[in-house]
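Read-outs throughout are calculated quantities, based only on the coordinates presented, and are distinct from any laboratory measurement. These numbers were taken from a predicted model, which means no experiment stands behind them. We place every Cβ from the backbone using ideal geometry, glycine too, and count neighbours over all the protein chains shown.
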Amino acid sequence: MITQREGDISWFADEKSAVVLAGDYLNKIAGEQIERECRRRLDEGCTKLVVDFSQTDIVNSIGVSILLGVIDSAANSGAKVVFAEVKQDTVELFEMLGLTNHVTLT
């Protein structure tokens, strides 16, 4: 298992799955870091991406847009996306915007 940190984003991965810790505020900067790491993992053959929202209090519109890009990239690679430990108000936002139709919530 590999663990690293880039800015406010931490991640750990094994051969087929990766967990990305989203941090407390998912905005453009954090979103781009998540997107970069997820694409890197997909390019390496990852089949399951887990975005851990346990520390995330706020997701802004740019963050949502970037998450949609991650979901699309994963779908094109045949990978599954899981959103873990999402706070209820963020779940409601994701449901309203349709993201929950494309990911698994745990």
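In deg cm²/dmol and to the nearest 500, what is the mean residue ellipticity at 222 nm of the chain if only DSSP H runs of at least 4 residues count, each as -39500 (n - 2.57), divided by the residue total? Spell out each step's value before the answer.
Numbers: 3 runs with 43 residues, N = 106.
The helix-only estimate for the chain comes to -13000 deg cm²/dmol at 222 nm.
Where does helix 61-77 land angle-wise versus the long Cα axis of the chain, in degrees 0 to 90, nearest 10?
40
Could you work out how far the C-alpha centroid of the stretch 12-57 sits from that of the stretch 72-106, in angstrom?
The distance from the Cα centre of the stretch 12-57 to that of the stretch 72-106 comes to 12 Å.
Between V64 and V91, 0.36 nm times their residue separation minus their Cα-Cα distance comes to what?
On the way: separation 27, 0.36 × 27 = 9.72 nm, distance 1.19 nm.
Length gained between V64 and V91: 8.5 nm.
For the chain, compute Rh as the Kirkwood radius over C-alpha pairs and then the Stokes-Einstein diffusion coefficient at 20 °C and 1.002 mPa s; write the answer in µm²/s, rounded to an integer. It would help to have the intermediate numbers written out before the result.
On the way: Rh = 13.3 Å.
Answer, rounded: 161 µm²/s.
Most mobile of A30, A75, A18 per a Gaussian network model of the chain (Cα springs, under 10 Å)?
So, out of A30, A75, A18, the one fluctuating most is A75.
Hey, for a label at S54 modelled as a point 7 Å past Cα toward Cβ, could you say which residues of the stretch 21-40 have their backbone N under 13 Å away?
21-23
If you fit an axis through the alpha-carbon atoms of helix 28-43 and take the longest principal axis of the Cα set of the chain, what angle between them do you get, 0 to 90°, nearest 10?
40
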